[in-house]
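Encoded as structure tokens, the structure appears first; notes follow it.
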Amino acid sequence: MRRALNVVLATALASGGAVIATASPAQAACADRGTYIAIINKKTVWKPTNVHSDWARPGVTITYAKSKEGTWKAEGTATVGAEAGVIFTKASASFSATIGKSWTKSDRWSYAATVQRKAGKSKGRLMMYHEARSFTAHKYRVYTGAGGACKLTTVYKKPGTYPVKKNSNLWGLQYS
């Protein structure tokens, strides 16, 4: 029953469902009652940092060489409150990568790229992007409802995007 309930729980979390299973007559209450946090809607994204060249017109090759501190801060609300540590620990384990509230790295970068013509864009610049993880922290409660039915209720869903702690960067052209 516990394995079946876990499969139904995972399906309900993915779909945002409310009623997840009905208890058997022999079972008076839900076996997995309690409050849980799940990491859902996971994906890897690349976010622009504060390290970039000056703007250039199409056809110009930009060479960027500079010593600078690159930084990027989290975007989201899962870092707020007493459960932030639990959420980061679960998310880091879920992604197999350490994530946090911010990333900072001092280094020297040297890259070159040619600004291409893009419809509706008049300029471009070299931009450093940092690897991040986007996810939703879903806190939910499992309880026994009327008639012994096992039910799930959402306490909150907090989406956000958070930088990985390792120095994982990507250079590209940003257009405006």
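The values are calculated or read from the model by the stated rules, or taken from the named source; none is laboratory data. Quick caveat, the model's predicted, so the values are computed rather than measured. When we count neighbours, we look across all protein chains shown, and the Cβ atoms used for this are built from the backbone with ideal geometry, even at glycine. What goes into the accessible areas is simple: the full protein's heavy atoms, side chains included, and nothing from ligands, DNA or RNA. Shrake-Rupley method; radii C 1.70, N 1.55, O 1.52, S 1.80 Å.
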May I ask you to list the residues in the range 102-139 that are buried (at least 19 other Cβ atoms within 10 Å of the Cβ), under 30 Å from residue 82 (Cβ atoms) and in contact with a Phe, Trp or Tyr (Cβ under 7 Å, 6 or more places away or on another chain)?
103, 130, 131, 132, 133
Are there any pairs with C-beta distances below 7 angstrom linking a residue in the range 95-117 that is in contact (Cβ under 8 Å) with a residue 12 or more places away in the chain to a residue that is open to solvent by less than 80 Å² (accessible area, probe 1.4 Å) and among the polar types (S, T, N, Q), with the two at least 6 apart or on different chains, and if so which?
98/92; 99/92; 101/79; 102/71; 103/71; 104/71; 105/167; 108/67
Failed item in (1) of a type outside the set (Lys, Arg); (2) out of contact with any Phe, Trp or Tyr (no Cβ under 9 Å at 6 or more places or on another chain); (3) at pLDDT 80 or above; (4) open to solvent by 60 Å² or more (accessible area, probe 1.4 Å), with residue 92 passing the rest:
(4)
Looking only at the range 140-154, filter to residues that are closer than 19 Å to residue 41 by Cα and surrounded by 15 or more Cβ atoms within 10 Å (Cβ to Cβ); which one of those is modelled with the lowest pLDDT?
152
Scan the range 45-79 for residues that are open to solvent by 60 Å² or more (accessible area, probe 1.4 Å), modelled with pLDDT under 90 and under 15 Å from the mean Cα position of the chain (by Cα) and jot them down.
73, 75, 77
Only one of 119, 112, 91, 82 that is among the aliphatic types (A, V, I, L, M), more than 25 Å from residue 175 (Cβ to Cβ) and out of contact with any Lys or Arg (no Cβ under 9 Å at 6 or more places or on another chain):
82
How do the pairs read when you match residues in the range 77-89 that are of a type in the set (Asp, Glu) with residues anywhere that are modelled with pLDDT of 80 or more and not in a loop (DSSP other than H, G, I, E, B), using Cβ under 9 Å and keeping only pairs 6 or more apart or on different chains?
83/37; 83/137; 83/139
What tally of residues in the range 30-44 results from selecting those that are surrounded by fewer than 16 Cβ atoms within 10 Å (Cβ to Cβ), of a type in the set (Gly, Ala, Ser) and closer than 24 Å to residue 85 by Cα?
1
Among the residues of the range 55-111, how many are touching a Ser or Thr at 6+ places or on another chain (Cβ under 6 Å) and assigned to a loop (DSSP other than H, G, I, E, B)?
2
Out of the residues in the range 118-176 that are of a type in the set (S, T, N, Q) and part of a strand (DSSP E or B), which is farthest from the chain's Cα centre (by Cα)?
144
